[in-house]
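**Student:** Starting off with a structure, shown below.
The values are calculated or read from the model by the stated rules, or taken from the named source; none is laboratory data. If you're wondering where the values come from, they're calculated on a predicted model, not measured in any experiment. All Cβ positions, even for glycine, are placed from backbone atoms using ideal geometry, and neighbour counts span all protein chains on display.
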Amino acid sequence: MQKRNDGGASFAATTPMQPGSAKPDPILIADQITRQFGGLTAVNVDHLEIQRGSITALIGPNGAGKTTFFNLLTGYDAPNSGTWSFNGLPLNGIPPHKVARLGMVRTFQLTKALYRLTVIENMALGARGQKGESVLKSVFPWIWRAQEAEIRIKATSILKNFKLLEKQDDFAAALSGGQRKLLEMARALMVEPEMVMLDEPMAGVNPALKQSLLEHIKELRTEGKTVLFVEHDMDMVHEISDWVIVMAQGEIIAEGTPASVMGNQQVIEAYLGAHHDLDLSEKEGA
Amino acid sequence: MDFLFIIQQTLGATIGVNTIIFALAAIGLNMHFGYTGLLNFGQAGFLAIGAYSVAVPVISFGVPLWVAFIIGIGNSILFALLLGVPTLRLRADYLAIVTIAAAEIVRQIARSATFNEWLGGSDGITGKFGKDFFDLNPFKEGLETPILRFNANDLWVVITGWILVAIIIFVMWLMVNSPWGRLMRAIREDEDAVRSLGKNVYLYKMQSLIIGGVIGSIGGFVYALSRQSVQPDNYGTALTFFAYTVLILGGAARVFSPIVGAMIFWFLIVFIEQVLREAVTNNVIPDWLIGVNQVGQIRFMLMGIGLMCLMIFRPQGIFGDKKELALDAKA
């Protein structure tokens, strides 16, 4: 594991590596969250805590309920039962936009760049407390012009960091898939979140961009933000996460440092099946 | 053939009352559909509410006209809330279904025998409810030039109507070029993304529905006043779809497109009709091919062909940006 200079990451050494383990300073706590679709239980999480200031990966095979769990936490879907809180504030029944305002901002698995808005417009949209977004004030440009200029300055500095500055006047639809992922993440930062929830930030991103995305995510931790991300790319999980949570069939089956989780027998079984190391042909031949 | 008459009729229609009415209806739709992505198929309902709100209070309850205008705006806000509260939290399709039904409900209520006493049933309301407005008319005589003619009342309606359109367009231009307008376009692209940035999408969609609806109902004011009568069947679904035609002709999500769209729409309808009529009556087109009574239908056929050509060769409308249209919103 690489060296870090913030306090958030050191928790990994002292936290027990078992599902639902308590963290020293949790920013997000979830209890007894279940979500059923008809007869299928998509999510059934007993207890989960996310350490403040850490990068936590949420992994699991396809259909494990990771994205559904994300949707529940961010208010895009309502659970059948359970409670969860962010910074001590209960989030039950809180609509998505209010969750975002509280400081928990998400991105989407299928990138939601706003295609017929330019890149800079996408960015500016994310800024909080815009006077010009009030319907009455919108017709008096002098009320919001100064604030808009500040927003643009902030947006350009983030875009520059994400190497999208030269694209700022292009429609978002003109960006490549990887650039859209970058834009979505950059846009989320405009909201000044405390916690960033990234749903498969690496899907469809080419290796060169991947490296810069990784750097951006690490930078978020340096700034003291908490990151929770869903990912299939194990290299990435290994490289940047302080803590890994493994879901399978809606439940959390393991937690721990990346190294410990990848050696966990249950995790290997969840991904590859219980009898993955048996030679099938041998069996058939017998 | 009397070419001067054709020009006079066509020019009169191009900048006339109907153009103003359709432009206002389409400006409202532009707010809904062009900028916010709301599929409102019930714009005719907003016009009907505007029209009846002007006529009924004045005729049946003796309210002054300016109070009737305020009632009309209030009613259209109520109608927008009624449509929006249950549907704007749902997917876009639900709004489309509910609005098309609601506009028909408005029309059917207006023409029902039950409310005959106040709303005039299927005959509608005819009377001098616009007296307060026409009393202000400074023109004692109409406009009489070889190529353009309006009688005194029409001239007054046309001039005030265009001033009204100009004011509305200007305010709308300010709005759509503000952060508020950006937010609206963002909602059109992807609501969930906008929610994830901490914006109350529901509230903004409601604002759009109300603003577009009020503009539509102002179109209804003009419709009622210009004719001094309100006929329920003028506010059928055809009106909504003509308004969409106007909007798409001009190009959605462009501030000026409803005006240009409405002008082209009425220019074509009247021009085609007048040319055909003149040609048929002067036997330029033989009787066995097109009779005088068929002109009315044929102009719509030709209009339809024209629109098809537009969609094929210029799908983005007059003002639209083809590059922008080519970007698949769901790519």
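**Student:** Only one of these conditions is not met by residue B:203: (1) under 30 Å from residue B:37 (Cβ atoms); (2) crowded, with 16+ Cβ neighbours inside 10 Å; (3) not hydroxyl-bearing (Ser, Thr, Tyr). Which number is it?
**Tutor:** (2)
**Student:** Could you check the range A:109-120 and list, in sequence order, the residues that are touching a helix residue (DSSP H, G or I) at 6+ places or on another chain (Cβ under 8 Å) and more than 7 Å from chain B (Cβ to nearest Cβ)? It would help to see each step written out before you state the result.
**Tutor:** The first filter runs over the range A:109-120 and keeps only residues touching a helix residue (DSSP H, G or I) at 6+ places or on another chain (Cβ under 8 Å), leaving A:109, A:111-120.
Hits for the range A:109-120 are A:109, A:111, A:113, A:118, A:119, A:120.
**Student:** Continuing with the same structure: Take residues that are surrounded by fewer than 15 Cβ atoms within 10 Å (Cβ to Cβ) and acidic (Asp, Glu) and tell me which of the helices (runs of 4 or more DSSP H) falling wholly in the range B:1-120 contain 3 or more.
**Tutor:** Hits in the range B:1-120: none.
**Student:** How about the range A:162-198: which of its residues are within 11 Å of another protein chain (Cβ to nearest Cβ), within 18 Å of the chain's Cα centre (by Cα), surrounded by fewer than 22 Cβ atoms within 10 Å (Cβ to Cβ) and of a type in the set (Asp, Glu)?
**Tutor:** A:192
**Student:** Continuing with the same structure: Take residue B:265 and tell me if it is in a helix (DSSP H, G or I), surrounded by 13 or more Cβ atoms within 10 Å (Cβ to Cβ) and under 21 Å from the mean Cα position of the chain (by Cα). Walk me through it before giving the result.
**Tutor:** Values: in a helix (DSSP H, G or I): yes; surrounded by 13 or more Cβ atoms within 10 Å (Cβ to Cβ): yes; under 21 Å from the mean Cα position of the chain (by Cα): yes.
Yes: the conditions hold for residue B:265.
**Student:** Taking the stated definitions as given, is residue B:195 basic (Lys, Arg) and within 14 Å of chain A (Cβ to nearest Cβ)?
**Tutor:** yes
**Student:** Moving on to the next point. Against the condition within 14 Å of chain A (Cβ to nearest Cβ), farther than 30 Å from residue A:76 by Cβ, of a type in the set (A, V, I, L, M, F, W, C) and buried (at least 17 other Cβ atoms within 10 Å of the Cβ), how does residue B:168 come out, does it pass? I'd like the intermediate steps shown before the answer.
**Tutor:** Values: within 14 Å of chain A (Cβ to nearest Cβ): yes; farther than 30 Å from residue A:76 by Cβ: yes; of a type in the set (A, V, I, L, M, F, W, C): yes; buried (at least 17 other Cβ atoms within 10 Å of the Cβ): yes.
So residue B:168 passes the test.
**Student:** Can I ask one more? Conditions: (1) facing chain B (nearest Cβ under 8 Å); (2) buried (at least 22 other Cβ atoms within 10 Å of the Cβ); (3) at pLDDT 95 or above. Residue A:148 meets all but one. Number of the miss?
**Tutor:** Condition (2) is where residue A:148 drops out.
**Student:** Could I ask something else about it? From the list A:88, A:53, exactly one residue is over 26 Å from residue A:239 (Cβ atoms) and small (Gly, Ala, Ser). Which is it?
**Tutor:** Going through A:88, A:53 in turn, just one is over 26 Å from residue A:239 (Cβ atoms) and small (Gly, Ala, Ser): A:88.
**Student:** Quick check on the range B:291-331: of everything there that is of a type in the set (Val, Ile, Thr) and at pLDDT 85 or above, which residue is farthest from residue B:35 (Cα to Cα)?
**Tutor:** Within the range B:291-331, the match that is farthest from residue B:35 (Cα to Cα) is B:295.
**Student:** Filter the helices (runs of 4 or more DSSP H) completely within the range B:144-217 down to those with at least 1 residues that are among the hydrophobic types (A, V, I, L, M, F, W, C) and within 24 Å of residue B:244 (Cα to Cα). Let's see the steps before the verdict.
**Tutor:** Details: elements: B:152-176, B:179-189, B:191-196.
Filter on the range B:144-217 gives B:152-176, B:179-189.
**Student:** I'd like the residue in the range B:109-120 that is without any contact (Cβ under 8 Å) to a residue 24 or more places away in the chain and farther than 18 Å from residue B:63 by Cβ and, out of all such residues, is nearest to the chain's Cα centre (by Cα).
**Tutor:** B:109
**Student:** Another question about this same structure. Report, by residue number, each residue of the range B:273-308 that is without any contact (Cβ under 8 Å) to a residue 60 or more places away in the chain, surrounded by 11 or more Cβ atoms within 10 Å (Cβ to Cβ) and among the acidic types (Asp, Glu). Don't jump to the end; show me each part of the working.
**Tutor:** Taking the range B:273-308 and keeping what is without any contact (Cβ under 8 Å) to a residue 60 or more places away in the chain, we get B:273, B:276-277, B:280-281, B:283, B:285-306, B:308.
Still in the list and also surrounded by 11 or more Cβ atoms within 10 Å (Cβ to Cβ): B:273, B:276-277, B:280-281, B:285, B:290-292, B:294-296, B:298-304, B:306.
If the condition is that a residue be without any contact (Cβ under 8 Å) to a residue 60 or more places away in the chain, surrounded by 11 or more Cβ atoms within 10 Å (Cβ to Cβ) and among the acidic types (Asp, Glu), then B:273 is the only one that fits.
**Student:** Of the residues in the range B:259-272, how many are free of Cβ contacts under 8 Å to residues at least 40 places away in the same chain and of a type in the set (Gly, Ala, Ser)? Break it down into steps so the answer makes sense when it comes.
**Tutor:** Of the range B:259-272, the ones free of Cβ contacts under 8 Å to residues at least 40 places away in the same chain are B:268, B:272.
Filter again for of a type in the set (Gly, Ala, Ser), leaving none.
Count: 0.
**Student:** Is it the case that the range B:142-158 has a residue that's out of contact with any strand residue (DSSP E or B) (no Cβ under 6 Å at 6 or more places or on another chain), without any contact (Cβ under 8 Å) to a residue 60 or more places away in the chain, surrounded by fewer than 17 Cβ atoms within 10 Å (Cβ to Cβ) and of a type in the set (A, V, I, L, M, F, W, C)?
**Tutor:** Looking through the range B:142-158, at least one residue is out of contact with any strand residue (DSSP E or B) (no Cβ under 6 Å at 6 or more places or on another chain), without any contact (Cβ under 8 Å) to a residue 60 or more places away in the chain, surrounded by fewer than 17 Cβ atoms within 10 Å (Cβ to Cβ) and of a type in the set (A, V, I, L, M, F, W, C).
**Student:** Mind counting the residues in the range A:232-253 that are crowded, with 22+ Cβ neighbours inside 10 Å and of a type in the set (Gly, Ala, Ser)?
**Tutor:** Count: 2.
**Student:** Among the residues in the range A:199-209, are any under 21 Å from the mean Cα position of the chain (by Cα), among the polar types (S, T, N, Q) and farther than 25 Å from residue B:36 by Cα? Let's see the steps before the verdict.
**Tutor:** Step one: list which residues in the range A:199-209 are under 21 Å from the mean Cα position of the chain (by Cα), which gives A:199-209.
Those still in the list that are among the polar types (S, T, N, Q) too: A:206.
Pick out the ones that are also farther than 25 Å from residue B:36 by Cα and you get A:206.
Yes, because at least one residue in the range A:199-209 is under 21 Å from the mean Cα position of the chain (by Cα), among the polar types (S, T, N, Q) and farther than 25 Å from residue B:36 by Cα.
**Student:** With the requirement that a residue be facing chain B (nearest Cβ under 9 Å), part of a helix (DSSP H, G or I) and under 23 Å from residue B:202 (Cα atoms), what does the range A:121-145 give you?
**Tutor:** A:121, A:122, A:124, A:125, A:131, A:132, A:133, A:137, A:138, A:139, A:144
**Student:** Inside the range B:171-188, can you point out the residues that are β-branched (Val, Ile, Thr) and within 7 Å of chain A (Cβ to nearest Cβ)?
**Tutor:** B:171, the sole residue that qualifies.
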